[in-house]
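Below is one structure, written out as structure tokens; the observations come after it.
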Amino acid sequence: MAHDVTSLKGRLLAYLDMLFVDHGIFRVIYNNLWALPGGLYRASQPSPGQIRKYRRELGIRTIINLRGADDSRRYALEAEACRREGIELVDFWGVMSRSAPYAEVIEKARDLFDRIEYPALIHCKSGADRAGFAAALYRMFRLGEPAADAMRELSWKYGHFRGSKTGILDFFFDEYLAANARSPISFLDWLGSAYSRDALKAAFRPRGLADFFVDRVLHRE
């Protein structure tokens, strides 16, 4: 269902949804915005006002929405703000915060980073887990950085906690680094020939306290 965010009532309902249902009131104070080399920025879900600000101050031409398109009022606000500012909104679904990555999604991300216009902003809900994983892939594919350096985008300073279920993203890179240490292999070759999503899921174990904090306190997706 397409929500009307142009009428006074529709816009009010959309802002209430964004601020209180989607916890956007906290992102008004802190949007978890960070710059990467080459014209990519990572952040939490931006509000329409923040989109306007980033277009004006950072020259943002593309926004990659890792939450995907949905029928929420929050999404309707973002889509409308991008249309008004002349920003391409890319709804990229498939990067998950609590499950092993799909190889095909990683390959699609590589292609996406090659075709979009920069400066670009990539975001999830909180800017910590999915945005961090995608930023690590950007560093590897776009900047040519090794995985050990790129995975620093998954850090507590961005609000990512590897002891929770979201630590499966760190574990994914750890498994590649371990395989590469045993017998040198490129990341893409490992992804295509040796990586098993099911095996990774079975081997990963989160730690309870960190998991409680991320899920129950921070209300992460």
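The values are calculated or read from the model by the stated rules, or taken from the named source; none is laboratory data. Everything numeric in this text was worked out from a predicted model, so none of it was measured. Here the Cβ is made from the backbone with ideal geometry for all residues, glycine too, and neighbour counts use every protein chain on show.
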Subset of the stretch 95-125, residues under 10 Å from the mean Cα position of the chain (by Cα) and farther than 16 Å from PRO48 by Cα, comes to VAL95, MET96, SER97
Has the stretch 108-126 got any residue that is modelled with pLDDT of 95 or more, aromatic (Phe, Trp, Tyr) and within 24 Å of PRO184 (Cβ to Cβ)? no
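Every residue, every condition in (1) of a type outside the set (A, V, I, L, M); (2) assigned to a helix (DSSP H, G or I); (3) more than 19 Å from SER97 (Cβ to Cβ), yes or no:
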| residue | (1), (2), (3) |
| --- | --- |
| THR6 | yes, no, yes |
| LYS9 | yes, yes, yes |
| TYR15 | yes, yes, yes |
| VAL28 | no, yes, yes |
| ASN32 | yes, no, no |
| ALA35 | no, no, yes |
| ILE51 | no, yes, yes |
| ARG56 | yes, yes, yes |
| ALA69 | no, no, no |
Could you pull out the residue among GLY127, GLY132 that is out of contact with any Pro (no Cβ under 8 Å at 6 or more places or on another chain), in a helix (DSSP H, G or I), within 15 Å of SER44 (Cα to Cα) and of a type outside the set (A, V, I, L, M)? GLY132
Has the stretch 206-217 got at least one residue that is at pLDDT below 95, of a type in the set (Val, Ile, Thr) and loosely packed, with under 11 Cβ neighbours inside 10 Å? yes
For the stretch 154-170, enumerate the residues that are crowded, with 19+ Cβ neighbours inside 10 Å, assigned to a loop (DSSP other than H, G, I, E, B) and under 14 Å from the mean Cα position of the chain (by Cα). LEU154, GLY159, HIS160
By residue number, the members of the stretch 85-138 that are closer than 26 Å to ASP198 by Cβ, touching a helix residue (DSSP H, G or I) at 6+ places or on another chain (Cβ under 6 Å) and charged (D, E, K, R) are ARG98, ARG110, ASP129
